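As structure tokens, the structure follows; a few thoughts come after it.
The values are calculated or read from the model by the stated rules, or taken from the named source; none is laboratory data. Worth saying up front: this structure is predicted, and the values here are computed from it rather than measured. All Cβ positions, glycine included, derive from the backbone under ideal geometry; neighbour counts span all protein chains shown.
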Amino acid sequence: GNSVTQMEGPVTLSEEAFLTINCTYTATGYPSLFWYVQYPGEGLQLLLKATKADDKGSNKGFEATYRKETTSFHLEKGSVQVSDSAVYFCALMRSGGYQKVTFGTGTKLQVIP
Amino acid sequence: GAGVSQSPRYKVAKRGQDVALRCDPISGHVSLFWYQQALGQGPEFLTYFQNEAQLDKSGLPSDRFFAERPEGSVSTLKIQRTQQEDSAVYLCASSEQGLDFSGANVLTFGAGSRLTVL
């Protein structure tokens, strides 16, 4: 079945550091890939998405590239801010049928001043 | 409404009690999903509705869990005879498109209902 594996946290970085959160997936067909973010006390919010191989999703300085050859969708940001502190979830949406989303376990990011 | 609204935000139940969790999706959204998020874990799929039809309930962990969306808008997730392992955040999400949409459907999530079973 479909699954998503992402690096365990927590990840602690200083402000302005470079961020990478690794994500790999297993799926049949050609899924769409997503990063969701969950700020403390809030619901999941879509951060970015990519729908086909080699697509790059980007938003708020974050970006991720859909790599079919390595089945990966790593999240990167060049310079993190304290306000980026949150839990980040990698997810995939299967192709075909209704759009059921499968999530990874989440990676907590803490950015310190 | 502007977003997906869930109530109650927090619920404490004694073991064996029944609970009902409500989801108000974005008006006009065809698809509605329920997810369960245990502490420190990612959301796990429970069930899916397209309008009033429950098309997939494969993720419901036991027959104590029941969901409905009788008029194709508001949905209720009911848990009977709650157990401690039911403690989790229950997330509702909706999307504009339904089964016949071939693109990447974007889900809008509510803030969740945190259930604690003592």
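When you scan the stretch B:45-57, do you find a residue that is of a type in the set (Val, Ile, Thr) and touching a Ser or Thr at 6+ places or on another chain (Cβ under 6 Å), even just one? Break it down into steps so the answer makes sense when it comes.
Going through the stretch B:45-57, the residues of a type in the set (Val, Ile, Thr) turn out to be B:47.
When the remaining residues are screened for being touching a Ser or Thr at 6+ places or on another chain (Cβ under 6 Å), the result is none.
For the stretch B:45-57, residues of a type in the set (Val, Ile, Thr) and touching a Ser or Thr at 6+ places or on another chain (Cβ under 6 Å): absent.
Would you pick out the residues in the stretch B:4-33 that are within 12 Å of chain A (Cβ to nearest Cβ) and buried (at least 19 other Cβ atoms within 10 Å of the Cβ)?
Going residue by residue through the stretch B:4-33, those that are within 12 Å of chain A (Cβ to nearest Cβ) are B:4-6, B:9-10, B:23, B:30-33.
Those that are within 12 Å of chain A (Cβ to nearest Cβ) and buried (at least 19 other Cβ atoms within 10 Å of the Cβ): B:Val4, B:Gln6, B:Cys23, B:Val30, B:Ser31, B:Leu32, B:Phe33.
The conditions are (1) among the small types (Gly, Ala, Ser); (2) touching a residue at least 40 places away in the same chain (Cβ under 8 Å); (3) within 27 Å of A:Thr105 (Cβ to Cβ), and B:Gly59 fails exactly one of them. Which is it?
Among (1) among the small types (Gly, Ala, Ser); (2) touching a residue at least 40 places away in the same chain (Cβ under 8 Å); (3) within 27 Å of A:Thr105 (Cβ to Cβ), the lone unmet condition for B:Gly59 is (2).
How many residues does the stretch A:77-113 hold that are without any contact (Cβ under 8 Å) to a residue 60 or more places away in the chain and more than 10 Å from every other protein chain (Cβ to nearest Cβ)?
Of the residues in that region, 4 qualify.
For the stretch A:42-76, which residues satisfy the criterion of being within 15 Å of A:Phe103 (Cα to Cα), more than 11 Å from chain B (Cβ to nearest Cβ) and out of contact with any Ser or Thr (no Cβ under 8 Å at 6 or more places or on another chain)?
A:Leu47
Residues that are modelled with pLDDT under 95 and crowded, with 18+ Cβ neighbours inside 10 Å: find the strands (runs of 3 or more DSSP E) completely inside the stretch A:37-113 holding 2 or more of those. Steps first, answer last, please.
Details: elements: A:44-50, A:56-59, A:62-65, A:75-77, A:86-93, A:101-103, A:107-112.
In the stretch A:37-113, A:44-50, A:86-93, A:101-103 are the strands (runs of 3 or more DSSP E) which contain 2 or more residues that are modelled with pLDDT under 95 and crowded, with 18+ Cβ neighbours inside 10 Å.
Test B:Ser113 against the criterion of being among the hydroxyl-bearing types (Ser, Thr, Tyr), more than 14 Å from chain A (Cβ to nearest Cβ) and under 14 Å from the mean Cα position of the chain (by Cα), and give yes or no.
Details: among the hydroxyl-bearing types (Ser, Thr, Tyr): yes; more than 14 Å from chain A (Cβ to nearest Cβ): no; under 14 Å from the mean Cα position of the chain (by Cα): yes.
It is false that B:Ser113 is among the hydroxyl-bearing types (Ser, Thr, Tyr), more than 14 Å from chain A (Cβ to nearest Cβ) and under 14 Å from the mean Cα position of the chain (by Cα).
Being at the interface with chain B (Cβ under 10 Å from one of its Cβ atoms) and among the hydroxyl-bearing types (Ser, Thr, Tyr) is the filter here, so list the residues in the stretch A:1-41 that pass it.
A:Ser32, A:Tyr36 - these are the residues of the stretch A:1-41 that are at the interface with chain B (Cβ under 10 Å from one of its Cβ atoms) and among the hydroxyl-bearing types (Ser, Thr, Tyr).
Would you be able to say whether some residue in the stretch B:63-75 is assigned to a strand (DSSP E or B) and either touching a helix residue (DSSP H, G or I) at 6+ places or on another chain (Cβ under 7 Å) or within 22 Å of A:Glu42 (Cα to Cα) (or both)? Even if it seems obvious, please write down each step before you answer.
We begin by selecting, within the stretch B:63-75, every residue assigned to a strand (DSSP E or B); these are B:65-68, B:75.
Now restrict to residues that are either touching a helix residue (DSSP H, G or I) at 6+ places or on another chain (Cβ under 7 Å) or within 22 Å of A:Glu42 (Cα to Cα) (or both): B:75.
Yes, that holds for at least one residue.
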